[in-house]
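Q: First the structure, then my questions, so here it is.
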Amino acid sequence: MLVFIKLGGSLITDKQIENSFREAVVERLAQEIWIALSLRRDLKILVGHGSGSFGHFAARRHRTIEGVHSDEEWQAFAEVARVAAELNYLVTSVFKGVGLPVWRIQPSASALCRDFELVHLSIGPIQVALDHKLIPLLYGDVAFDEVQGGTIISTEKIFFYLARHLPVDRILLLGEVEGVYGEDRRIISEITSESYAGIQNALGGSAGVDVTGGMETKVSDMLNLVRLKPQLGIRIFNGTRENLLKETLLEQAAPGTLIRATTNYSIS
């Protein structure tokens, strides 16, 4: 079973404070992944993380997501890439310290967008890494754009692309919230293509600085993905809860909000 895990930028950094890294949180999550892998031998994992207070502050200052054209904007593009990679190095170091065989992948090294849509990312090396029981570790990054010069690609957009080319079974999106909240401030247990219109107005952005759209964009992107792959189950849940990631990987818990194409599919 192949599972994509996203560690949200709001979870692994304090998005109110620039370049703040929550090392203890990342270490706990890494330990939970290690335990799940040791107990379930058929499990393969790919991890992506947001840029949080590293990439988003720099990207907002220069509006990198809207395109890159001037010399100043290109210099800012390189700066966003630098700080995003810096956070990835910190996450990698913690994962390796726990004993996880992570392999860093820089998305911008092969990513190409066309008018803000990701149209290319090297898949072969990721597949080889998974075949050899390594854990590819990607992150939200910059990307060249054939029309706009450059832009930002979120981890969700990367997952969307990868899921069309890799046999992923589940996607777990971890943040600081319990799931997707409805207008009554209760967790919506399930979102499908049919139910989305009824809850769309309740979706807001994310706390702190986020140039990639917050919760509404996250849910919309993931719904588009499950429409393409109806067998796929996607969960949004709270990564601050101890042992919840481990239990979800071992299918001992079904937390937060499940996103799936239709209620006709039975997905854990």
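Q: Here is a list of conditions, (1) assigned to a strand (DSSP E or B); (2) more than 19 Å from the chain's Cα centre (by Cα); (3) under 15 Å from residue 44 (Cα atoms), and residue 133 meets all of them except one; can you say which number that is?
A: For residue 133, the failing item is (1).
Q: Next question, about the same structure. Report every pair of residues separated by at least 6 positions or lying on different chains whose Cβ atoms are under 6 Å apart, first residue within region 32-57 and basic (Lys, Arg), second part of a helix (DSSP H, G or I).
A: As it stands, the answer is 44/130, since those pairs meet every condition given.
Q: On the basis of being surrounded by fewer than 19 Cβ atoms within 10 Å (Cβ to Cβ), outside any loop (DSSP other than H, G, I, E, B) and touching a residue at least 24 places away in the same chain (Cβ under 8 Å), does residue 86 make the cut? Break it down into steps so the answer makes sense when it comes.
A: Numbers: surrounded by fewer than 19 Cβ atoms within 10 Å (Cβ to Cβ): yes; outside any loop (DSSP other than H, G, I, E, B): yes; touching a residue at least 24 places away in the same chain (Cβ under 8 Å): yes.
For residue 86, the condition - surrounded by fewer than 19 Cβ atoms within 10 Å (Cβ to Cβ), outside any loop (DSSP other than H, G, I, E, B) and touching a residue at least 24 places away in the same chain (Cβ under 8 Å) - is met.
Q: A further question follows. Tell me which residues, restricted to region 197-235, are more than 16 Å from the chain's Cα centre (by Cα), at pLDDT 85 or above and part of a helix (DSSP H, G or I).
A: 227, 228, listed by residue number.
Q: A further question follows. For the list (1) in a helix (DSSP H, G or I); (2) touching a strand residue (DSSP E or B) at 6+ places or on another chain (Cβ under 9 Å); (3) touching a residue at least 24 places away in the same chain (Cβ under 8 Å); (4) surrounded by fewer than 19 Cβ atoms within 10 Å (Cβ to Cβ), I need the number of the one condition that residue 97 fails.
A: Going through (1) in a helix (DSSP H, G or I); (2) touching a strand residue (DSSP E or B) at 6+ places or on another chain (Cβ under 9 Å); (3) touching a residue at least 24 places away in the same chain (Cβ under 8 Å); (4) surrounded by fewer than 19 Cβ atoms within 10 Å (Cβ to Cβ) one by one, residue 97 breaks only (2).
Q: Another question, if that's okay. Select, from 32, 18, the only residue that is modelled with pLDDT of 95 or more, more than 20 Å from residue 116 (Cβ to Cβ) and of a type in the set (Asp, Glu).
A: On the way: 18 fails: modelled with pLDDT of 95 or more.
One residue alone meets the criteria, 32.
Q: Follow-up question, since we're still on this one. What pairs come up if the first residue lies in region 240-262 and is surrounded by fewer than 17 Cβ atoms within 10 Å (Cβ to Cβ), the second is of a type in the set (Ser, Thr, Tyr) and in a loop (DSSP other than H, G, I, E, B), and their beta carbons are under 7 Å apart, counting only those six or more places apart or on different chains?
A: Listed by first residue and then by second, the contacts come to 251/268; 254/268; 262/192; 262/193.
The values are calculated or read from the model by the stated rules, or taken from the named source; none is laboratory data. Source: prediction; values computed, not measured. Methodologically, a virtual Cβ is constructed for each residue, glycine included, from the backbone with ideal geometry; neighbour enumeration extends over all protein chains shown.
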